[in-house]
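Here's the structure, in structure tokens; my notes come after.
The values are calculated or read from the model by the stated rules, or taken from the named source; none is laboratory data. Computed from a predicted model, the values in this text were never measured in an experiment. Cβ placement follows ideal geometry from the backbone for every residue including glycine, while neighbour counts extend to all protein chains displayed.
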Amino acid sequence: MPSTPRTTVASKACDACRTRKVKCDLGRPATIPTAGTDARCRRCTRLDLICTFDRPSGHRGPRRKRFLNETLSVAAPPISPVAISPAANVGVGNSPTVVAPSSHAASTPILFTPEHQRHHAFSTASPDQYHGYLGQQHLSSIPVYPTDGLCARPLVRIIIDDYLRLVYPLVPVVHKPSFQQALSQDRDVDSSVFLSLLLAICSITVGLMPSRFAAYRAWQPGPPLRFEGREEMMNYCYNTIIRLRGPRYFDEINFEKLAVSYILAVTFFQIGDQNRSRMMEVEAMQLGRLLQLHKIREYEGLSCVEKQLRKKGFWLLFYAYVHSELQNLRKERLSFLDASMLASLNLEELLPLDVDDEQIEEDRVLPKPGDGPCLTTAFIIHSRVFWAALRPINEQQQPPQEPPCICRPWRNRAAQITHLRGRLHEIKYMLDVLPAELMPWASSPAGGDDILGCQFASLRANLHVTHLWLQSIILDQLEADPHKEDEHSSSSNYFVQREDIARQLLHLLHAIPERDIEPNGLHLAFKVRDIAVGLLDDETDVATPNTPSSQRTPASAKRAAAYIDELTRILARLDRSEQANIVNLQSWVDTGRMRTI
């Protein structure tokens, strides 16, 4: 009886079979490859892959496994680029459909190093599943990153670059040189916190820049973005960030964790998800308190980079505090500071250094090149505008024992009115002297090639809209005074000021291209809406001429109507939130108060 030809197992598997941890079947003895031939093993022949023996032999014995998140002892299988995105086989004819991962695997963060990820991905799926994605590429040359569940690594770098160019001037929560170095070194492979920061930055970029989301969806070459909408992508980033947190997450805190929470708060605000935004903002405030950002003496021992980051972080939280004091009418929101704490702070010392990140190193600060303003200059001026809304900027370190402030209007109404008038006067004229690049009439670059010019245009829009919005909010506070007896508090005087604010706002919004306004997101749109609402209230008074409070002329009412009409057109383009504006409404349900009928 003739014997059946036996297959030959190579003493050294080809690179593709070694990657998949399977036997390398070289076929019958007559087809064993020799030097100078291009014969391939059966698997490489079937998959039409290059059969090479280039990978060096590794050490024998168990390999030490490094988990990205050391707090998790058991991790589900990582997600490969193919298993995540069915669109990965686009462009390959007659390739099998990729089997989608289970719901558990899809929601589990990737916790292994690229080497472990490649090994698990290629050893758990059938070879045909990867044929469409890999094509003629070598199996071992396909890296798998922890961000592959979001999108391909090149696309991640494009999104991060958009953040650094467009969003960073307004949300400076990283030190650019060290952040770019960490990204180039793939620090997210070993650090769950840095991975969370990358995911958060990707989410805020699509949140603030809706126009860029379509470009990410159509990105070529490679698998396109798999998310249908911005909210879906934000939810994925948020869920992955939460799952990356172990049970001891808050035992060690740093500025990166604060940055993640703050970014998520801003992100969800952009789609109208006020409840999640509020909760992430509270988490950021708590981390800011624990890091003691408001205490300058606690900055001793920090590197120059860390000091600059924490000072910027303080002012970002301070902006939220001012918003809360001016608009949180029901006082259900927690605050980063309080009146007594604010009175004890030396805000001048907490201002960041007036240099860009490139001049700040770990142990020294280099002098600023040239005499012109930098991006941090605009950040400092913007911070001073918010500061002036609550306290005089030239106030000495020892304030009076009973300083009037907006947060305590019930103590002494007369002192409160005097304080508000002083704040309105100081804010109104505090931007009369600015660098030319930040003046409201400064020209914007014609195209998008002048990156610095576009950044200054975005900062200019943020600065001057905030400047006008604060004046409008203080006018709201003054108009609430039931005793309007002198000429300074007359309704006609308030009408004139509101018209002047609206006129300046329209000039500004028409002077700056929308591409440069867009990175400001819904924060700017809501400020524009608040200014327009003030005009609407005044116009309502004119509609009832028999009421004593109405002192406007028909010409004034006509101007107000024209301003409202134009601001409404602008808001229709600026407001791209996914949900209705409920920032000042109760949007939660207290289930403990439900009653069975």
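Yes or no: Ser577 modelled with pLDDT under 90, assigned to a loop (DSSP other than H, G, I, E, B) and surrounded by 16 or more Cβ atoms within 10 Å (Cβ to Cβ)?
Yes.
Could you tell me whether segment 302-324 includes any residue that is surrounded by fewer than 18 Cβ atoms within 10 Å (Cβ to Cβ) and not in a helix (DSSP H, G or I)?
Yes - at least one qualifying residue is present in segment 302-324.
If we scan segment 274-290, do we find a residue that is outside any helix (DSSP H, G or I), over 13 Å from the mean Cα position of the chain (by Cα) and buried (at least 17 other Cβ atoms within 10 Å of the Cβ)?
No, segment 274-290 has no match at all.
Checking the condition of a type in the set (Val, Ile, Thr), surrounded by fewer than 24 Cβ atoms within 10 Å (Cβ to Cβ) and in contact with a Leu (Cβ under 9 Å, 6 or more places away or on another chain), which residue from Ile296, Ile263 passes? If you could, list the steps in order and put the result at the bottom.
Working: Ile263 fails: surrounded by fewer than 24 Cβ atoms within 10 Å (Cβ to Cβ).
Of Ile296, Ile263, the one residue that is of a type in the set (Val, Ile, Thr), surrounded by fewer than 24 Cβ atoms within 10 Å (Cβ to Cβ) and in contact with a Leu (Cβ under 9 Å, 6 or more places away or on another chain) is Ile296.
Could we say that Tyr249 is within 30 Å of Ala378 (Cα to Cα) and in contact (Cβ under 8 Å) with a residue 60 or more places away in the chain here?
No; evaluated as a whole, the condition is false for this residue.
Would you pick out the residues in segment 203-245 that are assigned to a helix (DSSP H, G or I) and among the charged types (D, E, K, R)?
Arg212, Arg217, Arg230, Glu231, Glu232, Arg243
Please state which one of Leu475, Leu505, Leu424 is at pLDDT 95 or above and either of a type in the set (Gly, Ala, Ser) or part of a helix (DSSP H, G or I) (or both).
None of the others qualify; the one that does is Leu505.
Scan segment 156-178 residue by residue and report those that are in contact (Cβ under 8 Å) with a residue 12 or more places away in the chain, of a type outside the set (Val, Ile, Thr) and part of a helix (DSSP H, G or I).
Once the filter is applied, which keeps residues that are in contact (Cβ under 8 Å) with a residue 12 or more places away in the chain, of a type outside the set (Val, Ile, Thr) and part of a helix (DSSP H, G or I), segment 156-178 yields Arg157, Asp162, Tyr163, Leu164, Arg165, Leu166, Lys176, Pro177, Ser178.
Among the residues of segment 523-561, count how many are among the hydrophobic types (A, V, I, L, M, F, W, C), modelled with pLDDT of 50 or more and more than 19 Å from Gln327 (Cβ to Cβ).
Residues flagged as among the hydrophobic types (A, V, I, L, M, F, W, C), modelled with pLDDT of 50 or more and more than 19 Å from Gln327 (Cβ to Cβ) within segment 523-561 amount to 4.
Of all residues in segment 8-42, which are over 17 Å from Arg55 (Cα atoms) and modelled with pLDDT of 60 or more?
The answer is Asp25, Leu26, Gly27, Ala39, Arg42.
Which condition number in (1) more than 19 Å from Ile263 (Cβ to Cβ); (2) modelled with pLDDT of 90 or more is the one that Ser141 fails?
Evaluating Ser141 over (1) more than 19 Å from Ile263 (Cβ to Cβ); (2) modelled with pLDDT of 90 or more leaves (2) as the failure.
Looking at segment 428-461 only, could you name the residues that are under 20 Å from Glu499 (Cα atoms) and either in a loop (DSSP other than H, G, I, E, B) or within 25 Å of the chain's Cα centre (by Cα) (or both)?
If the condition is that a residue be under 20 Å from Glu499 (Cα atoms) and either in a loop (DSSP other than H, G, I, E, B) or within 25 Å of the chain's Cα centre (by Cα) (or both), then Met430, Leu431, Asp432, Pro440, Trp441, Ala461 are the ones that fit.
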